[in-house]
């Protein structure tokens with residue numbers, strides 16, 4: 001019975017440790033508890049929030065320096081929300097994660113890997129003869 005109580009307590013504690021932190025309701029300690037937010041960024045957030053609550057993620061990103069798309073996505077994954085909403089990202093930027101020059105280098109590395117595989121198979125064939 002004691003083991004069950006301890007297990008349930010541990011489960012509840014682990015669930016509460018990943019509770020979402022809303023940027024419009026959080027204090028400095030709550031914001032600092034999010035991995036990736038330090039005293040500097042939490043100070044900027046609180047300073048801007050004193051001027052008025054954040055409407056949504058784009059409003060937060062526009063008003064607080066250091067809150068770009070990448071940082072917003074990371075902080076949202078850590079539990080930060082704006083009015084209860086997670087960061088969704090911009091529709092256009094999320095589909096193209098690979099840069100054009102990376103695509104060409106990937107193709108060239110694939111071709112060189114194919115050539116190496118062909119050479120190795122040719123060597124094994126000649127060794128067997």
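The values are calculated or read from the model by the stated rules, or taken from the named source; none is laboratory data. Just so we're clear, the structure is a prediction, and the values are computed from it rather than from any experiment. With ideal geometry, Cβ positions are generated from the backbone for all residues, glycine too; neighbour counts draw on all protein chains shown.
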Exercise for review: Please specify each residue of the stretch 19-36 satisfying the condition of being over 12 Å from residue 80 (Cα atoms) and either assigned to a helix (DSSP H, G or I) or in contact with a strand residue (DSSP E or B) (Cβ under 6 Å, 6 or more places away or on another chain) (or both).
Suggested key: 28, 29
Review point. Would it be correct to say that residue 9 is within 15 Å of residue 80 (Cα to Cα) and modelled with pLDDT under 95?
Key: no
Revision key, fill the gap. The residue that is surrounded by the most Cβ atoms within 10 Å (Cβ to Cβ), considering only those in the stretch 37-68 that are in contact with a strand residue (DSSP E or B) (Cβ under 7 Å, 6 or more places away or on another chain) and in a loop (DSSP other than H, G, I, E, B), is 54
Point to revise | So residue 108, is it at pLDDT below 50 and either surrounded by 10 or more Cβ atoms within 10 Å (Cβ to Cβ) or assigned to a helix (DSSP H, G or I) (or both) | key: yes
